[in-house]
Every structure is written in C-alpha cells, then in structure tokens.
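Data block below; observations after.
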Amino acid sequence: MGLPEPVGRQSDVAYLPAAGHHVVLGTAGTGKTVMAMLRALYLSDPGVAGSGRTLLVTYNNALVAYLKHLAAETDRLDIRTYALFARGFLNHHGAMKGQAIVQSAKRRELIQSALQTVASKYKAHKFFERDPGWFEDEIIWISGMGLRTWGAYEAVDRLGRRTALSVSLRKVVWEIAEEYRLRRAAAGHSYDWHDLAASVRDHQTADDGPRMYRHVIIDEGQDLSPEEIRSLAEVVDPKGSVTFFGDYAQQIYGQGMSWRACGLKVARVEMFKDNYRNSTAIAEFAIALSEMPFFGRTDELVPPVAPRSKGSLPTLVACADRSQEVAVIQSIARQRGQVGTVAVIGRTWADAHEACAGMTVQRIKKDARFVWNDAPGVYCTTYHSAKGLEFDTVLMPFCSEDTVPLPEVVKALGVDDADERESKLLYVGITRAKSDLVITYSGTKTHLLPEGAGLCAEVQP
C-alpha cells in the first residue's frame with residue numbers, strides 16, 4: 001500500500017520545527033496517522049537538519065503493524081508500542097530481572113486480596129461492596145496520573161471520574177493501592193503495565209548520559225496516560241522534539257486527561273477538522289453520537305467537518321435474535337469482502353468470534369503481532385483493536401440494550417462512567433468505516449446510538 005499522499009495541510013505537520021513540543025489535534029478521519037508517519041520519516045532522514053534517531057510510539061500492536069505497513073523501520077526510526085518501549089528502556093537499565101511485570105489476571109487477584117485485607121480493618125461499609133473492577137480501574141488511574149503520594153492523590157481533580165469520592169474514601173483507596181503494591185512485590189513483581197512509566201522517569205532522571213532519542217512522535221496520544229507521555233518527553237534530547245497527535249473523542253481508556261496535564265510546553269496547537277475517511281452519512285452519524293449528553297466533554301474536542309461525499313446511510317438491522325444477527329453479518333461480510341476490506345467489530349472477542357464463526361477471516365488483536373494486508377477480505381476484531389485503522393465496510397453486531405454498554409463495565413464503574421466509555425468505543429467503531437456501516441441488534445437497540453431523521457436507515461432482515 002505505501003504511505004498515502006498527504007492532503008491539504010497534512011504535509012505541513014511533517015515540517016514543524018525539529019525542536020520543542022508540538023500538539024496536533026484532529027477528529028477521526030483527518031489523517032493523523034499519516035501525518036505522524038510523515039513527520040517520523042522526515043525527522044529520521046539523515047539529510048534533514050536536526051534529524052536523529054526517532055521513536056514513533058502508539059498504543060497497540062495492531063497499530064504498530066499498520067504503521068510498519070505504511071513505512072518500514074530503519075536504523076534511525078523505531079516504531080513501538082509504549083509497553084515495548086518502556087520494557088526495553090528498563091531492560092537497558094538493568095531493571096527488568098525475572099518476572100518483573102505482573103500480568104493482568106494476577107494483578108486483579110492481588111488487588112482483590114488487598115481490598116479484602118483493608119476492608120477487614122474497618123466497620124462494614126457499602127463502599128467495600130463495590131465491584132473489584134472499580135478499585136482496579138482507580139489504581140490504574142492513580143498510576144497513569146503519576147500520583148506517588150497520598151497528598152498528591154488527595155489534592156488531584158479526578159478527571160474522567162463521574163463518581164464522586166470523599167477524602168475519607170480516597171484515603172481507603174490509597175491504603176488498598178499500597179497494600180496491592182506490597183503484595184505484588186512479595187509475589188516477585190516490580191511493576192504492572194501501568195506503572196512502568198514512573199520507573200522510566202526515575203531511571204532517566206538518574207542517567208546523565210545521552211538521551212535515547214532525538215525525536216519522539218506520539219500517535220493516538222489521547223490513550224496514553226499523562227505519566228507515559230511525561231516519560232516519553234524526558235527520553236528526548238534537549239535539542240530534539242516531541243510531537244503529540246490525538247483525538248479526545250476517541251479517548252477510550254478512562255484517563256480523562258488533556259495533553260496540558262503532561263507538562264508539554266506548546267506555543268500553538270495545530271487543529272485538523274476535515275474528515276478524509278468517512279462518507280458524509282457516516283461522519284454525520286458519528287457527530288450525532290459525539291453530541292449526546294453522556295459522551296463527555298473536554299476543551300480538547302475538535303469539532304469535525306463532514307466530508308462532501310454523501311454515501312449511503314448507516315444501516316441499523318433489527319433482528320429476531322443473535323443467531324439472525326450472525327446470519328446477517330456473515331452474508332454481508334462474504335459479499336463485500338470479495339471487493340473490499342470488511343471489518344466485523346465486536347465489543348468483546350467472544351462477540352467477534354461468535355459473529356465470524358465458520359468464516360475465513362484475519363484476526364486483528366491489539367496485543368498480538370499482526371501483519372497488515374490491505375487486500376480485499378474480512379477482518380475480525382474488537383473496538384479496542386480496530387483503533388486507528390480503516391476499512392471500506394464496518395459491521396458491528398450485538399448492539400442491543402442488554403449488551404451495550406457491557407454489563408460487566410456497568411457493574412464495575414456504574415452507569416454514568418460506563419455510558420461515557422462505551423459510547424466512545426461505539427464512536428471508534430463507527431469511524432473506522434469509509435463507505436458502508438451496518439449495525440445489528442436484537443430486542444431493543446442500545447440507548448447509546450443516536451436517533452434522528454435522516455441519520456440512518458432502520459430495516460429488518
């Protein structure tokens with residue numbers, strides 16, 4: 001495929017100064033990934049004044065594969081997930097001995113046991129009856145914000161958290177977090193994936209040698225935590241640059257942060273509003289979703305401009321049951337997959353596998369190696385793993401009221417937080433589609449989808 005030709009002002013971003021901090025914000029379809037790659041290639045070119053070793057970092061392996069598909073790595077350009085960068089950095093500093101990183105399942109187990117231990121010190125209280133997933137999410141948020149002391153957690157504004165928390169309850173959460181860390185260390189783990197960034201910063205502070213990179217480009221920056229972004233800024237040569245690309249409408253990991261919280265020193269923010277990916281009909285459907293009250297608001301949201309190519313309306317298919325949804329999805333996928341790229345996107349991998357059962361598909365997993373191939377065919381993935389990618393046709397099954405938002409997320413976070421996060425996942429799925437979008441449901445469709453005359457076509461099989 002190669003790197004697409006830049007459109008409009010996209011190429012200008014590549015030539016921003018090769019020193020200092022830069023922020024580029026754009027709505028879905030504005031070509032942020034193309035711009036990030038253009039800038040990475042420019043800054044790593046030995047013929048460019050001020051060039052040097054460059055890191056292009058993003059959130060998941062599927063996006064890394066896509067970026068490498070656009071332009072291969074060289075000895076002056078590294079394309080990495082943040083996790084791979086951090087693990088390599090700490091290994092270089094001798095800080096990754098043994099099973100240093102606790103895996104997700106074990107982390108949940110340790111947090112749950114920490115919760116039980118701390119709860120036993122207090123009188124019975126309904127706070128301790130919250131789903132353990134809520135406490136896990138809060139501890140991840142604490143790590144991501146770089147809060148290292150009780151005083152810092154007590155004073156911080158809990159952005160991205162709709163559930164209020166009194167000082168006394170914050171104190172309990174902090175005790176649980178500290179107990180978790182003690183238990184993790186006792187189990188032989190120095191880190192979990194979410195506090196690697198703090199250790200990167202500590203080791204960089206203690207290292208007075210040359211910095212690892214001259215330039216860092218951050219793609220999908222809204223999904224990296226503030227502490228991760230700070231750590232990336234600190235591994236850059238003082239004469240180099242940091243360029244942040246993001247879209248806060250696609251902030252799906254609950255940090256609720258702005259680049260402004262990361263210490264970046266930016267004179268001017270570059271804003272991109274023109275959508276070059278989606279048809280007008282799909283873009284208008286996504287815009288309507290982003291304007292719904294539960295979607296959440298931030299000063300960093302870029303109001304999109306719908307493209308001129310109208311295209312067909314998104315189609316909502318009301319089915320009798322899940323098996324009929326699968327039949328509809330597979331019929332369309334087989335037909336469209338002969339002439340273009342088709343993504344079947346599920347909320348969970350169980351949903352995606354159910355929708356694609358028996359079909360020949362390519363699976364795109366955010367945490368697995370993937371070799372991108374843009375030939376016609378059917379891709380099976382989830383909202384999280386589809387982030388940053390695009391397809392001719394997107395099929396989204398099982399968008400019913402009893403499945404979206406995901407009941408486990410509602411249980412862990414509460415209705416308000418779940419609605420905000422899950423609606424942004426729907427936004428990500430919808431905006432992956434270039435030409436055609438089909439959403440199926442059985443029973444009652446989820447209340448998270450927008451309604452309105454002319455927004456979509458509602459049909460039955």
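Taking the numbered list (1) among the β-branched types (Val, Ile, Thr); (2) in contact with an Asp or Glu (Cβ under 6 Å, 6 or more places away or on another chain); (3) over 18 Å from Ile439 (Cβ atoms) in turn, Val361 passes all entries but (2).
Checked against (1) in a strand (DSSP E or B); (2) in contact with a Ser or Thr (Cβ under 8 Å, 6 or more places away or on another chain); (3) polar (S, T, N, Q), Thr381 meets all criteria but (2).
Quick one: is Leu425 in contact (Cβ under 8 Å) with a residue 60 or more places away in the chain, under 20 Å from Val394 (Cβ atoms) and open to solvent by less than 10 Å² (accessible area, probe 1.4 Å)? Here the answer is yes, as Leu425 does meet what is asked.
With respect to being in contact with a Ser or Thr (Cβ under 8 Å, 6 or more places away or on another chain), in contact (Cβ under 8 Å) with a residue 40 or more places away in the chain and not in a helix (DSSP H, G or I), Ala28 fits the description. Out of Leu449, Leu437, one residue alone is aliphatic (A, V, I, L, M), in a strand (DSSP E or B) and either modelled with pLDDT of 90 or more or surrounded by 23 or more Cβ atoms within 10 Å (Cβ to Cβ) (or both). It is Leu437.
Considering only the range 1-22, I want to know if a residue exists there that is open to solvent by less than 30 Å² (accessible area, probe 1.4 Å), part of a strand (DSSP E or B) and not small (Gly, Ala, Ser). Among the residues of the range 1-22, at least one is open to solvent by less than 30 Å² (accessible area, probe 1.4 Å), part of a strand (DSSP E or B) and not small (Gly, Ala, Ser), which makes the answer yes.
The one condition from (1) charged (D, E, K, R); (2) over 25 Å from His384 (Cα atoms); (3) touching a residue at least 12 places away in the same chain (Cβ under 8 Å) that Glu178 does not meet is (3). Among the residues of the range 199-222, those identified as in contact with a Lys or Arg (Cβ under 7 Å, 6 or more places away or on another chain) and not acidic (Asp, Glu) are Arg201, Tyr213, Arg214, Ile217. Could you grab me the full set of residues in the range 398-417 that are in a helix (DSSP H, G or I), at pLDDT 90 or above and open to solvent by less than 40 Å² (accessible area, probe 1.4 Å)? Selection gives Val409 alone. Among residues belonging to the range 374-397 that are touching a Gly at 6+ places or on another chain (Cβ under 9 Å) and surrounded by fewer than 19 Cβ atoms within 10 Å (Cβ to Cβ), point out the one that is nearest to Tyr441 (Cα to Cα). Among residues in the range 374-397 that are touching a Gly at 6+ places or on another chain (Cβ under 9 Å) and surrounded by fewer than 19 Cβ atoms within 10 Å (Cβ to Cβ), the one nearest to Tyr441 (Cα to Cα) is Asp392. Among the residues making up the range 250-273, those that are at pLDDT 75 or above, open to solvent by less than 20 Å² (accessible area, probe 1.4 Å) and of a type outside the set (Phe, Trp, Tyr) are Cys262, Leu264.
Among the residues of the range 31-67, the ones that are among the hydrophobic types (A, V, I, L, M, F, W, C), modelled with pLDDT under 85 and surrounded by 20 or more Cβ atoms within 10 Å (Cβ to Cβ) come to 4 in all. For beta carbons closer than 7 Å, sequence separation of 6+ or different chains, a first residue in the range 141-154 that is free of Cβ contacts under 8 Å to residues at least 12 places away in the same chain and closer than 19 Å to Ala86 by Cα and a second that is assigned to a loop (DSSP other than H, G, I, E, B) and among the aliphatic types (A, V, I, L, M), the qualifying pairs are Leu147/Val156.
Inside the range 349-362, can you point out the residues that are open to solvent by less than 40 Å² (accessible area, probe 1.4 Å) and at pLDDT below 95?
Here is the first cut: in the range 349-362, the residues open to solvent by less than 40 Å² (accessible area, probe 1.4 Å) are 351-352, 355-356, 359, 361.
The answer is Val361, and nothing else.
Residues to consider are Ile101, Ile79; find the one that is within 30 Å of Ala36 (Cα to Cα) and in contact with a Lys or Arg (Cβ under 6 Å, 6 or more places away or on another chain).
Values: Ile101 fails: in contact with a Lys or Arg (Cβ under 6 Å, 6 or more places away or on another chain).
None of the other options fit; the residue is Ile79.
Where helices (runs of 4 or more DSSP H) fall wholly inside the range 84-173, the ranges with 3 or more residues that are open to solvent by 40 Å² or more (accessible area, probe 1.4 Å) are 104-119, 150-155. Considering only the range 120-148, how many residues are touching a Pro at 6+ places or on another chain (Cβ under 9 Å) and more than 19 Å from Leu413 (Cβ to Cβ)? Residues in the range 120-148 being touching a Pro at 6+ places or on another chain (Cβ under 9 Å) and more than 19 Å from Leu413 (Cβ to Cβ): 1 in total.
Considering the range 331-340 alone, what residues qualify as being assigned to a helix (DSSP H, G or I) and either in contact (Cβ under 8 Å) with a residue 40 or more places away in the chain or buried (at least 20 other Cβ atoms within 10 Å of the Cβ) (or both)?
First, pick out the residues of the range 331-340 that are assigned to a helix (DSSP H, G or I): 331-336.
Hits for the range 331-340 are Ile332, Ala333, Arg334, Arg336.
Scanning the range 179-197 for residues that are closer than 22 Å to Leu115 by Cβ, out of contact with any strand residue (DSSP E or B) (no Cβ under 8 Å at 6 or more places or on another chain) and open to solvent by less than 60 Å² (accessible area, probe 1.4 Å) gives Glu179, Tyr180, Gly188, His194, Asp195.
Could you list all residues from the range 205-249 that are hydrophobic (A, V, I, L, M, F, W, C), open to solvent by less than 20 Å² (accessible area, probe 1.4 Å) and touching a residue at least 40 places away in the same chain (Cβ under 8 Å)? Steps first, answer last, please.
We begin by selecting, within the range 205-249, every residue hydrophobic (A, V, I, L, M, F, W, C); these are 206, 212, 216-218, 224, 229, 232-233, 235-236, 242, 244-245, 249.
Now restrict to residues that are open to solvent by less than 20 Å² (accessible area, probe 1.4 Å): 216-218, 224, 229, 232, 235-236, 242, 244-245, 249.
Listed by number, the residues that qualify are Val216, Ile217, Ile218, Leu224, Leu232, Val235, Val242, Phe244, Phe245, Ala249.
The values are calculated or read from the model by the stated rules, or taken from the named source; none is laboratory data. These numbers were taken from a predicted model, which means no experiment stands behind them. Neighbour counts run over all protein chains shown; Cβ positions are idealised from the backbone, glycine included. Surface areas here come from the heavy atoms of the whole protein model, side chains and all, with no ligands, DNA or RNA. Shrake-Rupley method; radii C 1.70, N 1.55, O 1.52, S 1.80 Å.
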